[in-house]
Amino acid sequence: MKNKKNRRMLFYKKGIDMHKILVVLYTLLLPMMFNACSVKSDQGDGVDQETNREIYKQVIQLATKYNSDIQWLTFAEDTVFFTIELQRALFNHTDRSRLVIGSIVDIMKQNNKFLLTAVDWQYGIDYQLQCNEQQVEYILNISKVNSQTFEVYAIIINPESIHKPAVKLVDEMGGDDSYVTYDISDIIVVKGICLDVVSIGDDSVEIEELLKSLAAKDQVDAQNEE
């Protein structure tokens, strides 16, 4: 009986020792695991920042090529704005093209002309732009390669007109009380010419960060001129 008791005590002591070992190992390994995750996270953030810098650089190069206005994108302090604010931003400097960031949702051919529709989801603006066949083929090839992603494009445009479509509503009840009303759509349509278009991946572009990159480039250019 005494031997059995001793064996139980020995097993119990071994259990305590094993528990201590596991606690020590857990204490040692947990910081290592945490540090490894932190390193991966930091590396991921670094890659994202580098990718963003390359995207902004690409967009600025495109805008510089056509002497396009980027500052106009700050025309509204919020996503809610009056149409006249957009009109003033687009047409105050008619000698310069405009940079647009958006997704191309459709392309069609009408009267022997190619028309693309791009959407600026931030401001809720539809751009209906006349483009050429080379630009159409470029967009189609991009869509085939990246069919599973939400592609974003930098587009250089010459704006020509802006309007908000009116929707005709007819009372179908009939009779003497029937009436017709017109409701103004929330969609703003800008028509113009597409001068150039470049895919910038499936990441959204922060206008504030883009303008910071532009300011940094201008500062470097100014120093080089000196």
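Against the list (1) outside any strand (DSSP E or B); (2) among the polar types (S, T, N, Q); (3) in contact with a Lys or Arg (Cβ under 9 Å, 6 or more places away or on another chain), the condition Gln128 fails is (1). Ala89 meets the conditions (1) out of contact with any helix residue (DSSP H, G or I) (no Cβ under 8 Å at 6 or more places or on another chain); (2) modelled with pLDDT of 50 or more; (3) within 30 Å of Asp202 (Cβ to Cβ) in every case but one. The failed one is (1). Within the stretch 171-224, the set of residues being in a loop (DSSP other than H, G, I, E, B) and modelled with pLDDT of 80 or more comprises Ile187, Ile200, Gly201. Looking across the stretch 80-125, the residues that are touching a residue at least 40 places away in the same chain (Cβ under 8 Å) and of a type in the set (Phe, Trp, Tyr) come down to Phe81, Phe91, Tyr123.
So, in the stretch 106-125, how many residues would count as being part of a loop (DSSP other than H, G, I, E, B) and either exposed (fewer than 13 other Cβ atoms within 10 Å of the Cβ) or of a type in the set (A, V, I, L, M, F, W, C) (or both)?
Kept after step one, since they are part of a loop (DSSP other than H, G, I, E, B), are these residues of the stretch 106-125: 111-112, 121-124.
In the following step, the residues that additionally are either exposed (fewer than 13 other Cβ atoms within 10 Å of the Cβ) or of a type in the set (A, V, I, L, M, F, W, C) (or both) were identified as 111-112, 121.
Result for the stretch 106-125: 3.
The values are calculated or read from the model by the stated rules, or taken from the named source; none is laboratory data. Here the structure is a predicted model, which means the values were calculated and not measured. With ideal geometry, Cβ positions are generated from the backbone for all residues, glycine too; neighbour counts draw on all protein chains shown.
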